[in-house]
């Protein structure tokens, strides 16, 4: 049935699983007017989408407005619940795939995938109305009822895998810190060989010792209170700092020279884990403030620190629980405290509070 009054979308017709679907474009200014999603008050079993997580919207909206020349959004997927028809450009093979999708004004569009993109675009338009003439791709399917819509949502998200943090750092060219860390690692002959650039966790058989994501977190802590603005100076100090750390942890150098296996180091020592890397970054940040010209001398004291996983008297309850390295904020702070105490750096008030609570707990236990 061809709608008398309705929407007209330029479209490409395709087939998946024996069912027709249509790919089109929608101006951003019309997105909120045309497309709907299930309201939160509807019971979960009666919805075809997850509940909108409104906490995600401001960040997604800022991504658009702060990257006007470079933002990228994938297509929205929607089902058409109502009358529609497709008018091809011609009768020959390729011409039959191109044409106009006519949808009744009474039809309802239900978003199967992309409701957060829709809400973020709406918010971005409030701040930047000129975005309205830009477009986003839309994939239309015929609505076949709630059960089919719910299955579409499940299928669309079944194989969605969030990229690892390391891969995000490797590919992110908007994040200044990511660029600094990448440059520092790739410019270092030492770290190029032992840093896993794509994965944020290491398999038992991996030859790598550290992950890019852990170096990223540690570097963020290193630079948190540093006032330098020149990216070249920052990149150099980052590379210099981590190479100085490596120089004072002999096992890192032995892995880099392939004298010992990285898996053995990870099993026996804690110094390659993200908790410790973050803690070392925080200690380095304090050294840059306390000893801006001579930070390498006190840092060298970490060479005499016993990083063994079996050093329970020092690390248990700080970096480890039951011998397993932990990742909580408290664990990072307690690990910072152990390193600072060893190299003679004073604890800041927050670190001292955490230390007092930890020592009090040990004594009462």
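The values are calculated or read from the model by the stated rules, or taken from the named source; none is laboratory data. Note that the structure is a prediction, hence the values are computed from the model and not measured. As a convention, Cβ positions derive from the backbone with ideal geometry for all residues, glycine included, and neighbour counts pool all protein chains shown.
Might you let me know whether segment 199-221 holds any residue that is in the same structural domain as residue 171 (by TED's automatic domain parsing), within 18 Å of residue 257 (Cβ to Cβ), out of contact with any strand residue (DSSP E or B) (no Cβ under 8 Å at 6 or more places or on another chain) and not in a loop (DSSP other than H, G, I, E, B)? No; the residues of segment 199-221 include none that is in the same structural domain as residue 171 (by TED's automatic domain parsing), within 18 Å of residue 257 (Cβ to Cβ), out of contact with any strand residue (DSSP E or B) (no Cβ under 8 Å at 6 or more places or on another chain) and not in a loop (DSSP other than H, G, I, E, B). Just so you know, in segment 36-66 the residues that are at pLDDT 90 or above and more than 17 Å from the chain's Cα centre (by Cα) include one that is surrounded by the fewest Cβ atoms within 10 Å (Cβ to Cβ), and it is 66.
Can you name the residue in segment 305-318 that is assigned to a helix (DSSP H, G or I) and in contact (Cβ under 8 Å) with a residue 24 or more places away in the chain and is also farthest from residue 217 (Cα to Cα) among such residues? So the residue we want is 314. For residue 299, state whether it is touching a residue at least 12 places away in the same chain (Cβ under 8 Å), within 28 Å of the chain's Cα centre (by Cα) and surrounded by 14 or more Cβ atoms within 10 Å (Cβ to Cβ). So residue 299 fails the test. Here 185, 234 are screened, and the one residue that is closer than 23 Å to residue 167 by Cα, in a helix (DSSP H, G or I) and touching a strand residue (DSSP E or B) at 6+ places or on another chain (Cβ under 8 Å) is 185. Considering only segment 136-147, I want to know if a residue exists there that is over 24 Å from residue 8 (Cβ atoms) and either part of a helix (DSSP H, G or I) or at pLDDT 95 or above (or both). Yes: one or more hits. Taken over segment 179-195, the criterion of being crowded, with 16+ Cβ neighbours inside 10 Å and over 16 Å from residue 232 (Cβ atoms) is satisfied by 190, 191, 194, 195.
Would you confirm, using the coordinates I've provided, whether residue 344 is in contact with a helix residue (DSSP H, G or I) (Cβ under 7 Å, 6 or more places away or on another chain) and buried (at least 18 other Cβ atoms within 10 Å of the Cβ)? It is false that residue 344 is in contact with a helix residue (DSSP H, G or I) (Cβ under 7 Å, 6 or more places away or on another chain) and buried (at least 18 other Cβ atoms within 10 Å of the Cβ). Looking at segment 319-349 only, could you name the residues that are over 15 Å from residue 278 (Cβ atoms), in a helix (DSSP H, G or I) and in contact (Cβ under 8 Å) with a residue 12 or more places away in the chain? Selection gives 342, 343.
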